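First up is the structure itself, then whatever we jot down about it.
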Amino acid sequence: MNTSALAALRQSLPALKLTTEASELEHYGRDWTRRWTPAPLAIAWPTDTAQVQGIVQWANAQAVALVPSGGRTGLSGGAVAANGELVVSLERMNRVLAFDAIDRTLTVQPGIALQTVQNAAIEHGLIYPVDFGARGSCQIGGNVATNAGGIRVIRYGNTRNWIAGLKVVTGAGDVLDLNRGLVKNASGYDLRHLFIGSEGTLGIVVEATLALTDAPPPSQVLLFAVPHMDALMQVFGACRARLSLSAFEFFTDRALHHVMAHGAQNPFAEIAPYYVVTEFDAGDEAQQNAALALFEHCLEQGWVTDGVVSQSEAQARSLWRLREGITESLAPHKPYKNDISVRIAAVPAFLHDMQALLSREYPEFDVIWFGHIGDGNLHINIVKPEGMDYAAFIAECERVTELLCEVLVHHAGSISAEHGIGLVKKPYLGSARSAEEIALMRGIRAVLDPNGIMNPGKLF
Ligand code: 2HG
Ligand code: ZN
């Protein structure tokens with residue numbers, strides 16, 4: 001199938017590494033969702049912008065769909081290739097191209113891992129502050145494509161805030177050098193932002209100029225045991241008023257159960273229904289004392305029942321592991337995932353409506369909540385009961401997701417906070433975006449990718 005198209009690609013780009021080997025098709029055709037059977041035409045590994053452009057021109061001429069591929073740690077099926085597409089893996093374009101000490105920017109290729117970027121920034125005495133659990137395997141190109149968020153959004157915002165420049169090959173095959181690292185650039189539409197969060201549907205990122213910032217002061221991590229749901233946001237209010245926070249996360253006893261089954265240790269003697277992990281600046285004694293006073297206050301108010309504050313880097317890491325290890329501990333169960341957001345102020349009311357819905361609709365299922373509650377982003381993972389047919393399980397979860405969308409609409413929230421729409425959330429896009437917005441998105445797509453070769457079937 002399509003062998004003549006592949007022959008034409010080989011002919012026009014003889015130096016391009018290409019394969020149709022079955023194990024590679026399987027590996028590069030899937031992401032972390034594991035829901036679709038990978039079935040790409042072939043995998044290509046370009047090494048420079050000219051090759052990416054050559055691939056896009058070939059895809060337009062041959063009417064072959066392209067799936068841009070980073071670390072494929074995505075959870076919405078955005079990088080799945082299950083339909084005879086050419087997967088364009090950017091992993092050979094993984095270099096740091098430049099560091100500019102005056103601009104405080106790092107220019108990188110798209111296939112570089114997030115953690116490599118973070119380390120490169122540290123070598124220059126600065127930080128790249130976007131951070132999340134998949135840091136070792138996800139790639140910057142994918143971070144841009146999904147506007148990745150993570151655990152530091154509360155202080156630093158999403159990937160979008162850190163993209164000072166972007167070079168892309170559009171679906172039409174044009175190379176655009178967008179914003180070029182400028183801090184100020186009032187020269188019309190900022191096209192860079194169209195590509196951030198576009199999930200590979202407008203073009204392929206071939207270079208990103210990342211803004212860096214000062215390293216924060218030394219920090220400490222606090223883990224609180226929280227006795228009831230309403231206390232979560234009360235603790236948040238108290239923490240935000242008294243400490244300088246860089247993260248505020250939560251998880252439930254069910255999440256703790258799974259990470260402990262995966263080897264993590266519970267630092268408390270008793271199990272609480274909810275937990276908060278928060279990180280705060282603790283560079284001096286006054287900040288450390290403020291944390292202790294905060295703990296006392298929360299205890300007195302009955303908002304927490306226990307707490308532990310990290311006394312070393314190693315302890316901070318082990319407290320973080322309780323939160324960051326959740327996804328991995330659930331992965332063997334192939335859970336159904338929701339990644340939703342509401343305004344921070346709407347979280348308490350939303351939590352009540354959501355809890356009522358989940359306990360009514362999923363009485364028999366293991367429902368695990370956790371996430372970035374300090375920025376209004378909750379993750380819900382639903383584990384399939386043993387013995388239940390997988391397709392029936394997904395159908396049931398999709399039925400409940402429709403109801404969840406109604407609750408989200410009521411609270412003016414979004415069905416995708418940071419994982420993207422991809423294939424998983426596609427049926428629900430209309431709950432987060434108006435018909436007019438979706439029509440405009442389609443129009444933009446038609447301009448930048450007139451033949452619809454860029455990641456078709458995703459997002460819309
Ligand atoms: C996280 O916050 C990730 O840990 C993954 O966004 C969330 O597995 C999930 O549902
Ligand atoms: Zn998350």
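The values are calculated or read from the model by the stated rules, or taken from the named source; none is laboratory data. Remember, it's a predicted structure, so these values are computed and weren't measured experimentally. Backbone-built Cβ (ideal geometry, glycine too); neighbour counts: all protein chains shown. Only protein heavy atoms, including side chains, enter the accessible area calculation; ligands, DNA and RNA are left aside. Shrake-Rupley method; radii C 1.70, N 1.55, O 1.52, S 1.80 Å.
Can you pull out every residue in region 343-371 that is more than 16 Å from ligand 2 (Cβ to nearest atom) and in contact with a Pro (Cβ under 8 Å, 6 or more places away or on another chain)?
364, 365, 366
Going by what's in this entry, would residue 304 be described as away from ligand 2 (no atom under 16 Å from the Cβ) and crowded, with 17+ Cβ neighbours inside 10 Å?
yes
When you check residue 237 against the structure, is it at pLDDT below 95, over 30 Å from residue 169 (Cβ atoms), small (Gly, Ala, Ser) and not in a strand (DSSP E or B), yes or no?
No: the conditions fail for residue 237.
So if I check each of 237, 181, which one is without any contact (Cβ under 8 Å) to a residue 24 or more places away in the chain and surrounded by fewer than 21 Cβ atoms within 10 Å (Cβ to Cβ)?
Residue meeting the stated conditions: 237.
What number of residues within region 321-340 satisfy the criterion of being open to solvent by 20 Å² or more (accessible area, probe 1.4 Å), more than 11 Å from ligand 1 (Cβ to nearest atom) and either closer than 13 Å to residue 265 by Cα or among the acidic types (Asp, Glu) (or both)?
Total meeting the criteria: 1.
Just to be sure, is residue 170 buried (at least 23 other Cβ atoms within 10 Å of the Cβ) and either on the phi < 0 side of the Ramachandran plot or among the small types (Gly, Ala, Ser) (or both)?
Considered against the rule, which asks whether it is buried (at least 23 other Cβ atoms within 10 Å of the Cβ) and either on the phi < 0 side of the Ramachandran plot or among the small types (Gly, Ala, Ser) (or both), residue 170 comes out as no.
Can you name every residue in region 423-438 that is surrounded by 12 or more Cβ atoms within 10 Å (Cβ to Cβ) and assigned to a helix (DSSP H, G or I)?
The answer is 426, 427, 428, 429, 430, 431, 432, 437, 438.
Among 231, 264, which is the only one that is part of a loop (DSSP other than H, G, I, E, B) and open to solvent by less than 20 Å² (accessible area, probe 1.4 Å)?
Answer to the check: 264.
Only one residue in 457, 420 is under 21 Å from residue 159 (Cα atoms) and touching a residue at least 40 places away in the same chain (Cβ under 8 Å). Which one?
Selected residue: 420, the only one of 457, 420 that is under 21 Å from residue 159 (Cα atoms) and touching a residue at least 40 places away in the same chain (Cβ under 8 Å).
With open to solvent by 40 Å² or more (accessible area, probe 1.4 Å), among the aliphatic types (A, V, I, L, M) and touching a residue at least 40 places away in the same chain (Cβ under 8 Å) as the only criterion, which of 97, 86 stands out?
The conditions single out 97.
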